[in-house]
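Have a look at the structure below before the remarks.
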Amino acid sequence: MNSLLLNTDGVQIPQLGYGVWQVPAGEAEEAVSLALQAGYRSIDTAKIYGNEEGVGRAVRSSGIARDKLFITTKLWNDEHHRAEEAFEESLARLGLDHLDLFLIHWPAPSQDRYVEAWKGLERLYRSGRVRAIGVSNFTIPALERLMNETEIVPSINQIELHPNFPQPELRAFHEANGILTEAWSPLGQGRGLLDDPALAQLGSKHGRTPAQIVLRWHIQLGNVVIPKSVTPARIKENFDVFGFILDPEDMAAIGALNTGTRLGPDPAQFG
Ligand code: NAD
């Protein structure tokens, strides 16, 4: 399993993790248990997903040493003024004593409190309750403002990113500032993108599925990637992306699928 180094002393994140948005609370424990059995060691949840309890039960009953796991959750938009309390509440729901990564879920510019939220995350990081802190859905101006007005550079920015929306400017900004790029909806939510004939063609060339081709593209770009599935065969399939290599022409063919179309909200407007 590949891991990437965060800008936080020595902390590494598995490059491939498992995301649980839209996994219902009652199914989360089973889904995460399956993912852990398949070999995933990084789990991405959020308060707003409503499934932190199930994620925590799966993690605690897995028998896997806590220091071999990487658990991420996120601060929701209505709690920017109380990041530390919200963190403790998430930790209690997860039943864990520390987190590996805590993210501000959205900058929510109309509220204009993300700088205050980030200062709360900085205090949490300094207290040792969380090994790394980062953001999600931050634009370049929002990142620049954090870097100008606070002390710690976010370790990661988790953003919508898939072949139809590859975000080259934001990725370049991250790279220039030592911020890792984490791709959400990496498979384009399984809608449309995976039916593209270009991916089917690359799939037959490499003996892989379109989903595996897309995940491999993310890995070779250097993204952290957190695909979601509740189907046991797909959970395994999505984890099996380290045994082949896309060549530069393959990467370019996938790069040509950029339509500039988002699936989710525009972070400059949302919240
Ligand atoms: P995704 O791109 O991972 O797609 C998931 C869907 O694709 C599945 O529900 C299924 O329908 C399909 N799929 C999965 N594996 C497949 C396979 N092997 N073959 C065919 N179809 C397959 O979408 P996502 O769930 O939106 O994103 C992944 C994770 O990113 C989420 O679970 C969550 O953890 C995170 N996320 C974060 C934010 C944010 O604002 N930070 C927003 C959305 C998602």
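The values are calculated or read from the model by the stated rules, or taken from the named source; none is laboratory data. Quick caveat, the model's predicted, so the values are computed rather than measured. Using ideal geometry, Cβ is built from the backbone for each residue, glycine included, and neighbour counts are taken over all protein chains shown.
Conditions tested, residue by residue: (1) within 16 Å of residue 21 (Cβ to Cβ); (2) modelled with pLDDT of 95 or more; (3) touching an Asp or Glu at 6+ places or on another chain (Cβ under 7 Å).
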{"position": "181", "(1), (2), (3)": "no, yes, no"}
{"position": "185", "(1), (2), (3)": "yes, yes, yes"}
{"position": "203", "(1), (2), (3)": "no, yes, no"}
{"position": "207", "(1), (2), (3)": "no, yes, no"}
{"position": "217", "(1), (2), (3)": "no, yes, no"}
{"position": "224", "(1), (2), (3)": "yes, yes, yes"}
{"position": "228", "(1), (2), (3)": "yes, yes, no"}
{"position": "248", "(1), (2), (3)": "no, yes, no"}
{"position": "266", "(1), (2), (3)": "no, yes, no"}
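Of everything listed in (1) part of a loop (DSSP other than H, G, I, E, B); (2) hydrophobic (A, V, I, L, M, F, W, C); (3) surrounded by fewer than 23 Cβ atoms within 10 Å (Cβ to Cβ); (4) within 12 Å of the ligand (Cβ to nearest atom), the single unmet condition for residue 48 is (1). If you check 33, 42 for being touching a strand residue (DSSP E or B) at 6+ places or on another chain (Cβ under 8 Å) and within 24 Å of residue 216 (Cα to Cα), only one passes: 42.
When segment 145-167 is filtered for residues that are closer than 19 Å to residue 253 by Cα and either in contact (Cβ under 8 Å) with a residue 40 or more places away in the chain or touching a Ser or Thr at 6+ places or on another chain (Cβ under 7 Å) (or both), the ones remaining, listed by number, are 161, 162, 163, 164, 165, 166. Restricting segment 1-28 to residues that are part of a loop (DSSP other than H, G, I, E, B) and within 14 Å of the chain's Cα centre (by Cα), the residue that is surrounded by the most Cβ atoms within 10 Å (Cβ to Cβ) is 20.
Under the condition of being more than 16 Å from the chain's Cα centre (by Cα) and not in a loop (DSSP other than H, G, I, E, B), which residue from segment 221-234 is surrounded by the fewest Cβ atoms within 10 Å (Cβ to Cβ)? Result: 233.
If the condition is being in contact (Cβ under 8 Å) with a residue 12 or more places away in the chain, part of a helix (DSSP H, G or I) and over 20 Å from residue 152 (Cβ atoms), then segment 60-87 contributes 60, 66, 68, 77. Sub-8 Å Cβ pairs linking a first residue in segment 224-250 that is over 21 Å from residue 12 (Cα atoms) to a second residue that is more than 16 Å from the ligand (Cβ to nearest atom), at least 6 apart or interchain, are 245/220; 246/220; 250/205, ordered by first then second residue.
Each row is one residue, and each column tells you yes or no for (1) surrounded by 16 or more Cβ atoms within 10 Å (Cβ to Cβ); (2) under 26 Å from residue 54 (Cβ atoms).
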{"residue": "241", "(1), (2)": "yes, yes"}
{"residue": "244", "(1), (2)": "no, no"}
{"residue": "250", "(1), (2)": "yes, no"}
{"residue": "255", "(1), (2)": "no, no"}
{"residue": "258", "(1), (2)": "no, no"}
{"residue": "262", "(1), (2)": "no, no"}
{"residue": "270", "(1), (2)": "no, no"}
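Number of residues in segment 29-45 that are in a loop (DSSP other than H, G, I, E, B) and near the ligand (Cβ under 9 Å from one of its atoms): the value is 1.
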